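The values are calculated or read from the model by the stated rules, or taken from the named source; none is laboratory data. Source: prediction; values computed, not measured. Here the Cβ positions follow ideal geometry from the backbone for every residue, glycine too, while neighbour counts run over all protein chains shown. SASA here: full protein model, heavy atoms, side chains in, ligands and nucleic acids out. Shrake-Rupley method; radii C 1.70, N 1.55, O 1.52, S 1.80 Å.
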4 protein chains.
Amino acid sequence: MCLFYERNPAKYGLTLNEKDADFSAKVLLKKSLCVWIASWGFSVRQLHREFLRAGSNVMQTFTFYASDDKLENRGNKISYTGAQINEAACDLAREVANEGDALVAGGVSQTPSYLSCKSEKDVKAIFKKQLDVFVKKNVDFLIAEYFEHVEEAVWAVEMLKETGKPVAATLCIGPQGDMHGVSPQECAVRLVTAGAQIVGINCHFDPETCVRTVKMMKEGVEKAGLKAHYMVQPLAFHTPDCNCQGFIDLPEFPFGLEPRILTRWDMHKYAREAYKAGIRFIGGCCGFEPYHIRAVAEELATERGFFPAATEKHGPWGSGLEMHTKPWVRARARRDYWENLKPSSGRPFCPSLSVPDGWGVTRGHAELMQQKEATSKDQLKQLFDRSKTQ
Amino acid sequence: MCLFYERNPAKYGLTLNEKDADFSAKVLLKKSLCVWIASWGFSVRQLHREFLRAGSNVMQTFTFYASDDKLENRGNKISYTGAQINEAACDLAREVANEGDALVAGGVSQTPSYLSCKSEKDVKAIFKKQLDVFVKKNVDFLIAEYFEHVEEAVWAVEMLKETGKPVAATLCIGPQGDMHGVSPQECAVRLVTAGAQIVGINCHFDPETCVRTVKMMKEGVEKAGLKAHYMVQPLAFHTPDCNCQGFIDLPEFPFGLEPRILTRWDMHKYAREAYKAGIRFIGGCCGFEPYHIRAVAEELATERGFFPAATEKHGPWGSGLEMHTKPWVRARARRDYWENLKPSSGRPFCPSLSVPDGWGVTRGHAELMQQKEATSKDQLKQLFDRSKTQ
Amino acid sequence: MCLFYERNPAKYGLTLNEKDADFSAKVLLKKSLCVWIASWGFSVRQLHREFLRAGSNVMQTFTFYASDDKLENRGNKISYTGAQINEAACDLAREVANEGDALVAGGVSQTPSYLSCKSEKDVKAIFKKQLDVFVKKNVDFLIAEYFEHVEEAVWAVEMLKETGKPVAATLCIGPQGDMHGVSPQECAVRLVTAGAQIVGINCHFDPETCVRTVKMMKEGVEKAGLKAHYMVQPLAFHTPDCNCQGFIDLPEFPFGLEPRILTRWDMHKYAREAYKAGIRFIGGCCGFEPYHIRAVAEELATERGFFPAATEKHGPWGSGLEMHTKPWVRARARRDYWENLKPSSGRPFCPSLSVPDGWGVTRGHAELMQQKEATSKDQLKQLFDRSKTQ
Amino acid sequence: MCLFYERNPAKYGLTLNEKDADFSAKVLLKKSLCVWIASWGFSVRQLHREFLRAGSNVMQTFTFYASDDKLENRGNKISYTGAQINEAACDLAREVANEGDALVAGGVSQTPSYLSCKSEKDVKAIFKKQLDVFVKKNVDFLIAEYFEHVEEAVWAVEMLKETGKPVAATLCIGPQGDMHGVSPQECAVRLVTAGAQIVGINCHFDPETCVRTVKMMKEGVEKAGLKAHYMVQPLAFHTPDCNCQGFIDLPEFPFGLEPRILTRWDMHKYAREAYKAGIRFIGGCCGFEPYHIRAVAEELATERGFFPAATEKHGPWGSGLEMHTKPWVRARARRDYWENLKPSSGRPFCPSLSVPDGWGVTRGHAELMQQKEATSKDQLKQLFDRSKTQ
């Protein structure tokens, strides 16, 4: 049995509860790269290290969306090539992986070029540039992740296969399928047929939804008489109110998601459900903190054969509270207390669910087209006006 | 005008959304100290650094509850003296403070000895041991913080004054006053009379409640014809449902508080309210992440005359979203959107408020007495049984 | 175009927010029938009258579950025959119908005999006894309503057809289909094939769910090349959290449903959605008060060509508030205010959704068997114990 | 011991979940009075009767706000004098009271004249006209109710005393006191001193708040060495989020209050709390249905010595569910189930609390002045605009 934990610290670093270290590669470009490696490298390294101690045994390179076409989007000033960034990220991941028993995975994700209706050849060329770095730096395996359209994901898998390394592929879709209406079952079949050894879901939805969707993928693969391993990297946010495009559409995205953050007990439940569903690459995406991964690792300690290093400072199921001064807090030092708790939001003026935005624009729509210039004031005004009439 | 930001990363490190670095000094003792300084020092240092970049100009030493009587509580194995821990913490804080324009503050807090009805002399001796380190390491000023009883806080202030350093004093109480029923107004008068130059509130309640309580303290001080500076370090959790003892009593304490975490926009509001109330030492306690402090610093950038370093990667009021691919997300790149958002919890099966525990036990009660042995199974069972009948 | 409004005041009279008049026929048996007609007749009559004034043009007889096998259930003492009760109910309905322009409908519903696995012949004999009264009293049409199993509903329709009167048939199911898993589409086809001119849904779910289910029935009927009219009589309670068996399973059923009651504005929305779906018999079931039906009638006043009598005392869309003393209440005298209001529950300690009971027992299970003796203490204790382990 | 239950069915009949019968006297004037007595009298009579059967032993006349100055407000067409309406209401109340063992109480309430700054003499003349009818019809006692300013309530009590009948006086205020800031304690003292034998609170707040406020009144009376009986007639809506002016200010007032309606179990708790507080006139105001009063009467059956007539069809604490078909519903036939239930709203998109309007206008403000003409479109527009900037 092979069991992985993973988190991509780069993803949405710009937006979500970011620690200072938690920036995206895109933003990096604004800084001198050597300064980054000298001083900010500390924080990326520290982030990898905390997840390693929490139980992760895959270090995913800090390269989310780090393709050249994405980096030059909407007024972003570029001082460095994607290649430079990807290389530095590989080095940092490998350095920390070597501190423990961890693998390094390099990842590519969907491209603005695809959304802007560029050709298969153009899109594949984008992937190729990132892959060249991953091969040079000799990562252990590759992930094609965060694809809303299975067509583009298949293109990515085809490119990744050419490296000869193991290939995983995850879509950011829910039970309703991809943005073109292809079902999870069918998506999985196409990805496996294209050559992916591991398939699954990442980002956009909460653990419950993602596990449910991976189950549908597994069902499709098995029905087609194919074989695959399965993988899941959900959000650490509760999103029962999402429609097909996930948390991007929620009014709280990305700067008001705090009340949706999962507790460690939610994570225990997630880990168990994922494991029971036959998923063996169990990780996390936006919103995951090291203590979330630690909870996943603790839930599955028996299956993996060990507790994560970080457990030395974390009594399981609240047992550390036995040392608390107040007797009513000591009384909470037990599993059934935390398993059954329904935590309050402390926000009585807020609802518990939201109505997602649903503009109904998809690939090829003018407003989705990539542009190099910054969004203009006029463009913004049009968007604001439109948002009021939705 | 003097304006500070601060956060004590040690506090509740054991329990709250902890990163691996975020342990309490008490837990530290389980590790070899030299290992800690060699390897874990990285994470404490990194934590200080992130708050520095977020805009803090006070580094508070990582010494919360690091008194010898607390460290030997309920089965905790002690390998090192409190003095060793306090010294190491001072060095780490000073090292990072020197990277920027920051002060170092050393803090003492309430003692189990007081709760166990030890004498004034005994309690003062506890403070003395920590102070000796702070003087030796030459911290810039001192804080007596996290006191539930003003009587003990006054004792602490009297000891701190003897060092000749500036003294701040904060209680962890709300508008109802301290655990003996002394009003915030009267508490403040006693602390100022005892010699504190800065008085205020830390921990136990949300920003709104803490600012309201500091206002009451200010009212008391001014009515008495005294003078003082004011300080506030609230939780980063919404706690409108607390009674006099604060979030300790909430059923979610300490492992289910996630839905209560403040957004950055809540922090803007807090910073403004605190500033308007005349408070000039504006910081945070449990639950604060660097991005929370950054929001405080950004709200008050005009008053302070500068933005925090971390702002270079964070467009104010969501303006970074102008670069987002999806047009409906770009439409959120404006202040009024985020100011008026009522974020959902994504938890429709959870209530929005909780009923706090209220066991009604106070200083001197048998169940509050300090003990060195671990809580026994029998003791735990009695607590569990009692908790069911509350 | 034929448009009806209806409500069966007898249904769940025992349990739901009952006014004194709002008893079920089953309970009636405990009273002397002549006393009932002399004194309680006032209240049944008054109830019919209020719905008539609110805009109903169908008076449904007060005979829900008034079959002999139901009346003798679990310790209920019987002083009168079902026939006596059914006759009295027909007279009261007709008396009030004659005060306006209304029809009288007699209804039969599912039988305990079916749940207890009695034969088709036995079950049909139960229906026959009620039908004899309806024929004798010459009601205008017949409704087979509140069936969880389409098989039994078909039996009822077959019996109703024999009277020669128009026949409507409604199931109390949701989008997941009947208790044997037959889809709404298929259920509708079977009912129309058996001879029902009107088919639809009543009870168990909220308006949104019921309208959605009737749409599925319509889809099935049209796909099969058949023809029918459509009917809907939902609950006046929001039930988004129900599973296949509807609000019976909600923990709040039947004595804690108040927070779920629909506002009049919810009713406007319901009426419009039902009408747009092609439904022309639009009524209500448990929880409907006359003011709810009035809102339905007001929403569809243009389509029907008249406002209900009760509108004379009810300004549309809050316009009556123009006369209010307080200016901020006068400011609410407008449609967009009420249409967009998200009403609070005033219950911050309560969640917004519940987890329904799901015991998984169905037709034929021992605990569903009809019995004449009252539920014994032993039986109750077993149920209580079991409910704790669900 | 004397124990009453009461409800004024006229109050807010216009607005709140009204049954057809539940109109206010003000609206009545639009109808020919003889038509009203001939046909609508049925519904008023029926309403009195249902409350009588539910356990009320006071019938309060249907005369809320039925003073001439109120009846001619803001475009209301007057066909009849207040005297005619008041007389008819007395007759109806007496007729039903005689069917049981009930008293008839006549009530006066605050006047628009007071809000418009008319003189004491003018205001007292308004009360006099209603009192003349009550004396002529020989009601059993008098209530001065629904006063926001104790000054006006004292004037009313002074007039009521002149009739020689027993006098009760209730204010519609909360713990913060009347609109001029007079505390509940002081208000009570003034009312008792003016001659009221019974004092208390009605309307505007939920039971918990009203009972708390009556306790404060009792405290004031006792501290002053005076004697009185106590009375409470709260809303049947949860209003924890109100400020000093009560539910009028809530955004849901008056057409979206449904989710706040109390359950019968809430009523049990209310009745017990009121009784324990020494209150002996325990009734209800807006939102009360007969089944609510029945719950109050059932909770206090031992103290009163009898169950209400309506209990014959209502098993206490859900025991009627023992007859239910579904076993999981039978399992709910017990007191602890219903006492501990936290009922869901079924509205996950709604918050649990609201922010009340707070325009800060009080007696004498132009927008509160009485006017005979209907509110003009211009006036409405100004109000709408203002409401958007609050």
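Miscellaneous remarks
- Test: B:Gly200 is part of a loop (DSSP other than H, G, I, E, B) and either over 18 Å from B:His149 (Cβ atoms) or more than 14 Å from chain A (Cβ to nearest Cβ) (or both): no
- Residue within the stretch B:314-337 that is touching a residue at least 40 places away in the same chain (Cβ under 8 Å), part of a helix (DSSP H, G or I) and either out of contact with any Gly (no Cβ under 7 Å at 6 or more places or on another chain) or surrounded by fewer than 23 Cβ atoms within 10 Å (Cβ to Cβ) (or both) present: no
- Close pairs (6 angstrom Cβ cut-off, 6 or more residues apart or separate chains): closer than 24 Å to D:His229 by Cβ and without any contact (Cβ under 8 Å) to a residue 24 or more places away in the chain in the stretch D:281-295, of a type in the set (D, E, K, R) and open to solvent by 10 Å² or more (accessible area, probe 1.4 Å) anywhere: none
- Among the residues of the stretch A:135-171, those identified as of a type in the set (Lys, Arg) and not in a loop (DSSP other than H, G, I, E, B) are A:Lys136, A:Lys161.
- Residue within the stretch C:346-363 that is more than 9 Å from every other protein chain (Cβ to nearest Cβ) and either hydrophobic (A, V, I, L, M, F, W, C) or open to solvent by less than 50 Å² (accessible area, probe 1.4 Å) (or both) present: yes
- Residue match in the stretch D:121-141 (condition: of a type in the set (Asp, Glu), open to solvent by less than 10 Å² (accessible area, probe 1.4 Å) and out of contact with any Asp or Glu (no Cβ under 8 Å at 6 or more places or on another chain)): no
- Residues within the stretch C:364-390 that are of a type in the set (Val, Ile, Thr) and exposed (fewer than 11 other Cβ atoms within 10 Å of the Cβ), tallied: 1
- For the stretch A:81-116, the candidate set comprises residues that are modelled with pLDDT of 90 or more and open to solvent by 70 Å² or more (accessible area, probe 1.4 Å); within that set, the residue that is farthest from A:Ala168 (Cα to Cα) is A:Glu99.
- Matching residues in the stretch A:296-313 - criterion: being in a helix (DSSP H, G or I), open to solvent by less than 10 Å² (accessible area, probe 1.4 Å) and touching a residue at least 60 places away in the same chain (Cβ under 8 Å): A:Val296, A:Ala297, A:Ala310
- Subset of the stretch C:303-345 (residues that are among the hydrophobic types (A, V, I, L, M, F, W, C) and at the interface with chain D (Cβ under 7 Å from one of its Cβ atoms)): C:Ala310, C:Met323, C:Trp328, C:Val329, C:Ala331, C:Ala333, C:Trp338, C:Leu341
- Residue match in the stretch B:73-90 (condition: more than 25 Å from B:Ser56 (Cβ to Cβ), within 14 Å of chain A (Cβ to nearest Cβ) and in contact with a Pro (Cβ under 8 Å, 6 or more places away or on another chain)): yes
- Residues of the stretch B:334-361 satisfying the condition of being in contact with a His (Cβ under 8 Å, 6 or more places away or on another chain) and either at pLDDT below 90 or not charged (D, E, K, R) (or both): B:Ser345, B:Gly346
- Close pairs (9 angstrom Cβ cut-off, 6 or more residues apart or separate chains): without any contact (Cβ under 8 Å) to a residue 24 or more places away in the chain in the stretch A:104-121, not polar (S, T, N, Q) anywhere: A:Lys118/A:Asp69; A:Lys118/A:Pro112; A:Lys118/A:Ile126
- Residues of the stretch D:231-256 satisfying the condition of being over 11 Å from D:Gly174 (Cα atoms) and small (Gly, Ala, Ser): D:Ala236, D:Gly256
- Checking the stretch C:55-62 against the condition returns a match, with at least one residue being within 12 Å of chain D (Cβ to nearest Cβ), at pLDDT 65 or above and either open to solvent by less than 10 Å² (accessible area, probe 1.4 Å) or in a helix (DSSP H, G or I) (or both).
- Test: B:Gln130 is in a helix (DSSP H, G or I) and under 21 Å from the mean Cα position of the chain (by Cα): yes
- Residue in the stretch C:70-80 that is modelled with pLDDT of 80 or more, at negative phi and not hydrophobic (A, V, I, L, M, F, W, C) present: no
- Qualifying residue in the stretch D:266-274 (condition: assigned to a loop (DSSP other than H, G, I, E, B), away from chain C (no Cβ under 12 Å) and farther than 30 Å from C:Arg386 by Cβ): no
- Some residue of the stretch C:131-147 being in contact (Cβ under 8 Å) with a residue 24 or more places away in the chain and within 14 Å of another protein chain (Cβ to nearest Cβ): yes
- Residue in the stretch A:249-257 that is touching a residue at least 60 places away in the same chain (Cβ under 8 Å) and assigned to a helix (DSSP H, G or I) present: yes
Every residue, every condition in (1) within 13 Å of chain B (Cβ to nearest Cβ); (2) at pLDDT 95 or above; (3) crowded, with 24+ Cβ neighbours inside 10 Å, yes or no:
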residue	(1), (2), (3)
A:Phe205	yes, yes, yes
A:Glu208	yes, yes, no
A:Arg212	no, yes, no
A:Lys215	no, yes, no
A:Lys223	no, yes, no
A:Leu226	no, yes, no
A:His238	yes, yes, yes
A:Asp241	yes, yes, no
A:Leu250	yes, yes, yes
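- Test: residue in the stretch B:316-328 that is modelled with pLDDT of 85 or more and in contact with a strand residue (DSSP E or B) (Cβ under 7 Å, 6 or more places away or on another chain): no
- Every residue from the stretch B:341-378 that is over 30 Å from B:Tyr114 (Cβ atoms) and of a type in the set (A, V, I, L, M): B:Leu341, B:Leu353
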